[in-house]
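One structure is given here, and the rest of the page talks about it.
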């Protein structure tokens, strides 16, 4: 079973993503980028999904830290956020984001995107 790490400071969104994805994937959850980075270093994930606006370590900082790890240089990393501006998307692309999804999200579309990214 493919392993996914979902990083978001919103408890309700972690619960929603857990309900949607845990039936299909082995899912780990983190409440901010620093915790997410620690979890990512302890176990390898096939996909990481992260919010951007979080305390302690935001999504861009997490993305940059992950891309510096040999293990995550080519791992798909999706940003799932309320940020929809072209500037933010470009910053995500520059940091190494694989894709960009806007909240609120359709659970079915999220599953389809994940299936496409994971092959």
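Taking 25 Å as R0, compute the FRET efficiency from the Cβ-Cβ separation of residue 26 and residue 69 and round it to 0.05. Please report the intermediate quantities before stating the final value.
Working: r = 20 Å, r/R0 = 0.79.
Given R0 = 25 Å and the Cβ-Cβ separation, E is 0.80.
Taken over the range 3-118, the alpha-carbon convex hull comes to 89 cubic angstrom per residue.
If the segment from residue 112 to residue 86 were pulled out straight at 0.36 nm per residue, it would be longer than the present Cα-Cα gap by 7.0 nm. Modelled spin-label separation between residue 102 and residue 53, with each label point placed 7 Å from Cα along the Cα-to-Cβ direction: 1.5 nm.
Could you give the alpha-carbon Rg of the range 51-92 over 2.2 N^0.38 Å, rounded to two decimals?
Details: Rg = 10.7 Å, N = 42, 2.2 N^0.38 = 9.1 Å.
That works out to 1.17 for the range 51-92.
Coordinate-derived values only; no laboratory data. Just so we're clear, the structure is a prediction, and the values are computed from it rather than from any experiment. Don't worry about glycine lacking a Cβ; one is built from the backbone with ideal geometry, like all the others, and counts go over all protein chains shown.
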